[in-house]
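This report refers to the structure that appears directly beneath it.
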Amino acid sequence: MTITKGLQEGRELVFEQAEVKIGRTSENDLVLHDHGVSRRHARIVERNGLYFAADVGSSNGTSLNGAPLPGEQQLRDGDRITVGPVEFTFVWVPPEGDEDATRPIRRNAPPPPAEEMTELIPTSQLPALAPVPPADPPPPPPQPSPALAKVEPPPVPARVEPDEERTQALTAAERARLRRELARSRGGQVKLWWSELSLGGRVVVGLVMVLVVLGGLGALGVVFMPRLGLGGPGGPEPVVLGRETVPDSFGLGEDVRWERPDQKAFDFQFVTPTRAVAVLHYQASGISKEEVALVLNGANLGWVPPDTTSTAERELEHILPALSLRRNELNSLVFDNVRNPPGSDTWRVWNLRLEVIPVPELSREDLLARAREYSVAAARFYETKAVGAENLFKAWQQYRFAWITLEALDEKPDLYEDVRFQLGQVTVELDHKCSQLMLDFQRAVQFRNARKARAALQDISRRFPTAEHRCHNRALELAYEHEL
């Protein structure tokens with residue numbers, strides 16, 4: 001049984017004992033330090049695998065799903081229990097052991113073969129069979145009389161195929177009825193049409209079907225061979241950035257779809273009524289410190305971060321400041337490898353997308369005040385990261401809001417560097433948590449435990465509730481891939 005405490009603390013509690021008491025004193029199992037909770041408020045008890053909740057005479061009462069709790073009520077998955085100002089969610093966790101996590105569960109399984117069905121019937125339950133007496137031997141054929149003249153054997157009739165023999169045996173009325181029955185379904189119509197074709201017509205139709213199948217296979221080869229590395233790149237190379245993710249990879253080395261040893265350039269344009277900042281989202285690997293520079297409209301924005309242990313899962317973000325952006329005009333963004341050419345250093349970027357965020361037309365003081373509010377909220381969430389599963393993500397989110405707000409200022413205050421430093425620390429910790437949860441999921445799939453695999457994906461959804469972080473979308477992809 002798992003009870004998740006929400007609203008105030010977001011703490012997850014797992015109880016193994018048969019009875020749990022909730023109140024405000026230290027002698028109870030679960031202590032809530034709130035004046036709205038009585039000394040002995042409520043209890044949760046387990047009987048024969050079922051869980052029941054009851055109020056034990058509290059002052060403010062206990063609610064179940066928004067209604068007062070009269071007496072003792074059985075708990076079901078998703079029930080909300082309100083104790084004073086605190087709300088719990090009852091979540092049922094199935095027992096250990098589950099089916100394969102990598103195969104979907106068949107709702108209508110086919111029946112076992114006849115050999116297996118016979119093994120399921122005990123020999124003692126089979127009916128006794130009476131012995132069958134042997135049949136009388138057939139009488140010997142009569143011997144021809146030597147006095148009789150030689151008689152020629154009757155002619156052997158021509159061999160008739162089973163279908164033709166059956167058709168010849170049918171009367172005209174039966175053949176008409178059979179045609180009507182076949183005409184009621186698509187499959188029957190095809191069978192009827194095929195039976196009426198001549199031998200030459202069947203040959204022509206068979207050749208056409210073979211050509212269609214070969215043409216389809218050729219089209220699939222044209223589409224997928226470039227992606228499998230069996231041919232050159234297909235289609236035009238992406239050169240424009242937008243909100244949609246560009247999954248193609250650029251750079252030099254293995255698994256690079258478009259080789260660009262020196263640099264890769266993109267263009268983009270946006271229209272906003274006010275000033276805006278843009279956030280570049282991408283992934284990168286095979287890059288060392290100060291190897292690949294980001295250049296926007298001729299201005300150097302900094303370096304692509306070097307590789308880490310979580311490079312495969314991390315999503316990088318880079319702010320394109322408002323001062324360097326051109327509204328309603330064409331902008332140019334370049335990934336420039338300063339070590340190539342003529343070097344052969346490998347590098348790779350992929351999954352690029354651009355997020356344009358308009359900034360409000362506020363004064364410098366108002367923007368600073370708003371950024372401070374975001375920063376204070378982020379610090380509070382970070383201090384309570386061990387209490388709520390999603391608090392670390394919320395800390396990262398609030399620091400990110402503060403960062404984007406301060407980017408609207410032409411002259412950066414001291415708070416800007418503090419926010420960037422705190423955001424970097426939280427980002428590293430959040431990426432590490434994402435990698436750890438992904439490893440738990442892969443381990444569950446390896447050991448074919450669907451229950452633990454689903455639990456790992458649900459944990460990712462709780463810790464990364466929105467698509468702002470790549471871990472959220474990655475969990476959705478894995479759930480779809482493994483049909484969980």
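The values are calculated or read from the model by the stated rules, or taken from the named source; none is laboratory data. Just so it is clear, the model here is predicted, and its values are computed rather than measured. Ideal geometry is used to build each Cβ from the backbone, glycine not excepted, and the neighbour counts take in all protein chains shown. We work out accessible area using only protein heavy atoms, side chains counted, and drop any ligands, DNA or RNA first. Shrake-Rupley method; radii C 1.70, N 1.55, O 1.52, S 1.80 Å.
At a glance:
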| read-out | value |
| --- | --- |
| Per-region count, the stretch 428-439, residues crowded, with 16+ Cβ neighbours inside 10 Å and more than 22 Å from Trp350 (Cβ to Cβ) | 2 |
| Every residue from the stretch 58-84 that is outside any strand (DSSP E or B) and under 36 Å from the mean Cα position of the chain (by Cα) | Asn65, Gly66, Leu75, Arg76, Asp77, Gly78, Asp79 |
| Boolean, Ile105 is closer than 17 Å to Leu484 by Cβ, open to solvent by 60 Å² or more (accessible area, probe 1.4 Å), β-branched (Val, Ile, Thr) and modelled with pLDDT under 85 | yes |
| Residues that are at pLDDT 90 or above and either over 19 Å from Leu296 (Cβ atoms) or open to solvent by 30 Å² or more (accessible area, probe 1.4 Å) (or both), drawn from the stretch 254-270 | Val256, Arg257, Trp258, Glu259, Arg260, Pro261, Asp262, Gln263, Ala265, Asp267, Gln269 |
| Per-region count, the stretch 313-350, residues in contact (Cβ under 8 Å) with a residue 60 or more places away in the chain, open to solvent by less than 40 Å² (accessible area, probe 1.4 Å) and part of a helix (DSSP H, G or I) | 1 |
| Odd one out for Leu457, checked against (1) part of a helix (DSSP H, G or I); (2) open to solvent by 50 Å² or more (accessible area, probe 1.4 Å); (3) of a type outside the set (Val, Ile, Thr) | (2) |
| Condition met for Ala379 (of a type in the set (A, V, I, L, M, F, W, C) and surrounded by fewer than 20 Cβ atoms within 10 Å (Cβ to Cβ)) | yes |
| Scope the stretch 367-406; condition assigned to a helix (DSSP H, G or I), modelled with pLDDT of 90 or more and of a type in the set (S, T, N, Q); matching residues | Ser375, Asn391, Gln397, Gln398 |
| Selection within the stretch 284-309 - open to solvent by 20 Å² or more (accessible area, probe 1.4 Å), in a loop (DSSP other than H, G, I, E, B) and not β-branched (Val, Ile, Thr) | Gly286, Ser288, Lys289, Glu290, Asn297, Gly298, Pro305, Pro306, Asp307 |
| Counted residues, the stretch 34-50 - those being buried (at least 20 other Cβ atoms within 10 Å of the Cβ) and part of a strand (DSSP E or B) | 4 |
| Set Asn449, Asn473, Asn391: member being open to solvent by less than 90 Å² (accessible area, probe 1.4 Å) and without any contact (Cβ under 8 Å) to a residue 60 or more places away in the chain | Asn473 |
